1. Of the listed peptides 19-32, 251-264, what is their order by residue-averaged count of other C-beta atoms within 10 Å, with the highest listed first?
2. Over all directions, what mean area does the Cα convex hull of segment 1-152 project, stated in square nanometres?
3. Take the alpha carbon atoms of segment 166-213, find their center, do the same for segment 240-283, and report the distance between the two centers in whole angstrom.
4. What span do the alpha-carbon atoms of the chain cover on each of the three principal axes, reported in whole Å from largest to smallest?
5. Name the long-range amide H neighbours of GLU81: under 5 Å, sequence gap of 5 or more, or other chain; modelled H, no Pro or chain starts.
6. What is the fewest-to-most order of SER76, SER318, SER182 by other Cβ atoms lying within 10 Å of their Cβ?
7. With a 4.7 Å Cβ cut-off, tell me which Cys residues in the chain come up empty for a partner.
8. Return the distance in nm (one decimal) between the two label points of a simple spin-label model at ALA23 and GLU294, each offset 7 Å from Cα along Cα→Cβ.
Amino acid sequence: MSLLSETASMSEPNTEILAAVAALRRGDAIGLPTETVYGLAADALDPAAVARIFALKGRPADHPLIVHLPIGAALSDWAREVPDAAQRLAERFWPGPLTLILKRHARVPDAVTGGQDTVGLRMPAHPMAQAVLKEFNSGLAAPSANRFGHVSPTSAAHVRSEFGAALPVVLDGGDCELGIESTIVDLSASVPRILRPGSIGRLALESVIGPLGEGKNEASPRVSGSLEQHYSPSTPTRLCSRAEIEAAGPSVQVLAVDQLPSGARGVILPADPVDYAHGLYASLRELDCRGASEICVERPPQAAEWLAVNDRLTRAASRR
Ligand code: TXA
Ligand code: MG
């Protein structure tokens with residue numbers, strides 16, 4: 001809750017926030033820090049502004065975007081049905097890294113939902129995101145601020161390297177605290193389901209709303225993050241055992257857990273899933289810049305607390 005109290009104390013928006021909101025009101029997109037990854041944000045109620053996001057990202061237009069809400073926003077302004085489970089999850093986990101899929105309100109444009117009957121809603125905890133949302137006083141559609149299929153950005157520098165001069169306004173809120181995208185829970189059908197694992201795990205969700213469904217049903221909405229080959233470095237990337245990491249040749253860069261084998265070239269991430277997630281995308285970007293023939297990622301433990309990390313690694317390692 002420390003992020004929330006910082007937000008509350010940020011009562012007077014500074015000139016940087018005011019300039020960002022002015023850009024949003026003109027229909028421009030901006031780079032926006034959140035506690036998960038940086039977002040590419042634009043006015044969720046302005047289809048032309050939302051079209052800017054798709055053009056910048058090079059993302060297929062039928063892929064839905066998450067709407068980010070200011071603290072205190074009413075879910076019923078954005079969703080036409082708000083099940084009790086949604087209300088309880090919002091009360092427990094917002095502001096924070098949780099996206100709720102609900103039946104859309106009629107005023108949410110098709111451009112945001114990809115023409116689907118549902119909308120993704122999230123109240124981010126980052127104080128700078130909330131300062132912008134408070135001043136903007138409406139919802140901001142924001143996918144991760146990377147070109148389609150690229151690794152998500154966890155710093156303002158990553159966002160600038162993705163878009164350069166095409167995105168003049170990038171707010172710098174430092175390195176993202178969590179480093180992987182929000183948990184997505186679909187509450188639009190009779191049985192709630194996790195569509196994308198994240199920092200808030202199944203047990204935490206089930207402690208609030210009871211058992212979640214397994215897997216996806218036929219009617220489950222499309223999630224572009226569930227396509228293979230998402231979050232990928234340009235360098236061919238492979239998941240490897242410790243023995244394979246130890247045997248990696250000189251042209252290979254490795255992403256090792258806890259310790260780099262002697263003689264290997266690469267980057268180490270901690271053997272703790274939260275700390276590992278925090279550094280994951282920055283490490284993949286770093287390794288991708290080294291001109292390697294291949295990136296070998298040491299497979300982390302296949303335990304429940306590593307689920308979100310393993311999900312992202314499996315996608316990063318799927319072939320283009
Ligand atoms: O942490 C996050 O969620 C970050 C930050 C910026 O908030 N955002 C993010 O957005 O990861 P994006 O667009 O990169 O991924 C959002 C995922 C996509 O896979 C999209 O398909 C899915 O959410 N999504 C959005 N609206 C949906 C809907 N109505 N039904 C099903 N999936 C939806
Ligand atoms: Mg993304």
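Each value in this text was obtained by applying a stated rule to the coordinates, not by laboratory testing. Every value quoted in this text rests on a predicted model; they were computed, and no experiment measured them. Cβ sites come from the backbone with ideal geometry, for glycine too, and all protein chains shown count toward neighbours.
1. 19-32, 251-264
2. Averaging across all directions leaves 8.3 nm² for the Cα convex hull.
3. Cα centroid of segment 166-213 versus Cα centroid of segment 240-283: 26 Å apart.
4. Its Cα atoms span 56, 46, 37 Å along the three principal axes.
5. HN-HN under 5 Å from GLU81: LYS103.
6. So the ranking, lowest neighbour count to highest, is SER76, SER318, SER182.
7. If one checks each Cβ against the other cysteines of the chain, CYS176, CYS289 turn up with nothing under 4.7 Å.
8. Between ALA23 and GLU294, the simple spin-label model gives 4.1 nm.
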